[in-house]
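Each remark here refers to the structure printed beneath this line.
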Amino acid sequence: MFGVVFPNRSFPMDISSFSQIDTFHWILDMNTFVGEAYDQVCELCIFLLNNFTLPPDKALAVYIQSPGSAFFFCGAVTVARPSAVLSLPWPEPGGQLQLTADATPLSAKIGVSVEDLATLPSLDVTAEKRIERLAMKVGENLFNFMQSFCGVDGSKLVVPMDILDRWFKKFQERAKRDPEYLKGFAL
């Protein structure tokens, strides 16, 4: 049906590595894979296997769960997009140390489920988060630049009229001089 690879951490793993909850849901207990270091696993590659046909209106959705927290959607694969490398932005563990009925600590999990494609958020959550982070960092850079030229007029901040042009020119020149500069915005 599907397989997963944790880049630089595992060989391909098929569905047999997961516990099947029901016909359409599977769970991978991260304790069996990496123990408590689950939050160091930052990416997952999921792919449909050749012998599996997923209806065109369905998707295999991937979720992550830190101990004691809710599941968080990371992305999905479909027939049109049969593989994806997904970032795993692990949520903060929920509350105090929680134990199961047999006194073992709750563990982090990766969940996979067959879902209606129309009900899922954007399939590329990671790209949306990167764009949001990039916009915030560029905005912060502009704000810091403008702040260094600000004057105060009563309750208003006053900046030179050409401040945006000066900032943009400086931004472009630095990006040309230092190719690593823009990479710092995408982290």
Given the conditions (1) hydrophobic (A, V, I, L, M, F, W, C); (2) in a loop (DSSP other than H, G, I, E, B); (3) out of contact with any strand residue (DSSP E or B) (no Cβ under 8 Å at 6 or more places or on another chain); (4) modelled with pLDDT under 75, every one holds for residue 127 apart from (2)
Task: residue 53 out of contact with any helix residue (DSSP H, G or I) (no Cβ under 7 Å at 6 or more places or on another chain) and assigned to a loop (DSSP other than H, G, I, E, B) - done: yes
Selection from region 10-47 of residues closer than 17 Å to residue 89 by Cα and assigned to a loop (DSSP other than H, G, I, E, B) yields 34, 41, 42
Scanning region 80-89 residue by residue, those out of contact with any helix residue (DSSP H, G or I) (no Cβ under 8 Å at 6 or more places or on another chain) and either at pLDDT 90 or above or part of a strand (DSSP E or B) (or both) turn out to be 82, 83, 84, 85
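A quick yes/no check of all residues on (1) of a type in the set (Lys, Arg); (2) at pLDDT 80 or above:
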residue: 71; (1), (2): no, yes
residue: 91; (1), (2): no, yes
residue: 123; (1), (2): no, no
residue: 176; (1), (2): yes, yes
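Here is a check on your reading of the model: is residue 152 among the aliphatic types (A, V, I, L, M), in contact with a strand residue (DSSP E or B) (Cβ under 9 Å, 6 or more places away or on another chain) and either open to solvent by less than 100 Å² (accessible area, probe 1.4 Å) or modelled with pLDDT of 85 or more (or both)?
Working: among the aliphatic types (A, V, I, L, M): yes; in contact with a strand residue (DSSP E or B) (Cβ under 9 Å, 6 or more places away or on another chain): yes; either open to solvent by less than 100 Å² (accessible area, probe 1.4 Å) or modelled with pLDDT of 85 or more (or both): no.
No.
Of all residues in region 18-36 being within 14 Å of residue 110 (Cβ to Cβ) and among the hydrophobic types (A, V, I, L, M, F, W, C), which is farthest from the chain's Cα centre (by Cα)?
Among those that are within 14 Å of residue 110 (Cβ to Cβ) and among the hydrophobic types (A, V, I, L, M, F, W, C), it is 21.
Mind listing just one residue for me: the one in region 155-187 that is among the aliphatic types (A, V, I, L, M) and under 27 Å from residue 87 (Cβ atoms) and, of those, surrounded by the fewest Cβ atoms within 10 Å (Cβ to Cβ)? Spell out the reasoning first.
Step one: filter region 155-187 for residues among the aliphatic types (A, V, I, L, M), giving 157-159, 161, 163-164, 175, 182, 186-187.
Those still in the list that are under 27 Å from residue 87 (Cβ atoms) too: 175, 182, 186-187.
Numbers: 175: 13, 182: 14, 186: 10, 187: 8.
Looking at the filtered set, the residue picked out is 187.
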The number of residues in region 37-57 that are closer than 18 Å to residue 86 by Cβ and within 21 Å of the chain's Cα centre (by Cα) is 11
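The values are calculated or read from the model by the stated rules, or taken from the named source; none is laboratory data. On a predicted model such as this, the values are computed, not experimentally measured, just so you know. All Cβ positions, even for glycine, are placed from backbone atoms using ideal geometry, and neighbour counts span all protein chains on display. Note: areas computed on protein heavy atoms with side chains; ligands, DNA, RNA excluded. Shrake-Rupley method; radii C 1.70, N 1.55, O 1.52, S 1.80 Å.
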